[in-house]
Every structure is written in C-alpha cells, then in structure tokens.
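Please treat every number below as a calculation from the coordinates, not as lab data. Bear in mind that the values here come from a model prediction, so they are computed numbers and not experimental data. Cβ placement follows ideal geometry from the backbone for every residue including glycine, while neighbour counts extend to all protein chains displayed.
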Amino acid sequence: MEEIITKDSNGNILQEGDSVTVIKDLKVKGSSMVIKRGTLVKNIRLTDSNEEVEARVNKSAMVLRAEFLKKA
C-alpha cells in the first residue's frame, strides 16, 4: 500500500496533529461563514486524499484543501 503524503502550499509535508495557517479567505459551502486569512487551525487530521485535511475551525468540523494551508 502506498503511503499518502499531504503537502501544504509551500510543499512542506503535513502530519497528524500539525497546526496550520489559512493563506486565503475561504467561503464555507452551505454557510455564510468565512474563514479569514491568517486563521490558525490546530490539530489537523489527514484524510484518504492527499489534497485535503480535516480540522475544527470555530468549533465546526470541516475538510480543508491543503493548497490553502501553510504549516505553522
């Protein structure tokens, strides 16, 4: 089985439990909420996709695209 490697916008490898910073304002689908640029997201979880991570932002669980994250 091939290991899935998830990289942030700068090419740094992300691991379970890392903290990341959002590099762009992100609109949340199905909500009027916006995740602002510079928001620190702690304790991420990796998914089966190398392009996405799971995280809790403002007490809401969501999936974020790794291309909009920077390792903190």
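Figure legend. Inter-residue proximity from the range 9-26: first residues over 11 Å from Lys71 (Cβ atoms) and without any contact (Cβ under 8 Å) to a residue 24 or more places away in the chain, second residues among the hydrophobic types (A, V, I, L, M, F, W, C) and loosely packed, with under 13 Cβ neighbours inside 10 Å, beta-carbon distance below 6 Å, spacing 6+ or different chains. Indicated pairs: Asp25/Val34.
A quick yes/no check of all residues on (1) within 11 Å of the chain's Cα centre (by Cα); (2) loosely packed, with under 14 Cβ neighbours inside 10 Å:
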| residue | (1), (2) |
| --- | --- |
| Ile5 | no, yes |
| Leu14 | yes, no |
| Thr21 | yes, no |
| Asp25 | no, yes |
| Ser31 | no, yes |
| Arg37 | no, yes |
| Thr47 | yes, no |
| Val63 | yes, yes |
| Ala66 | yes, no |
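So is Glu51 out of contact with any strand residue (DSSP E or B) (no Cβ under 8 Å at 6 or more places or on another chain), touching a residue at least 24 places away in the same chain (Cβ under 8 Å) and under 14 Å from Lys7 (Cα atoms) or not? So Glu51 does not fit the description; no.
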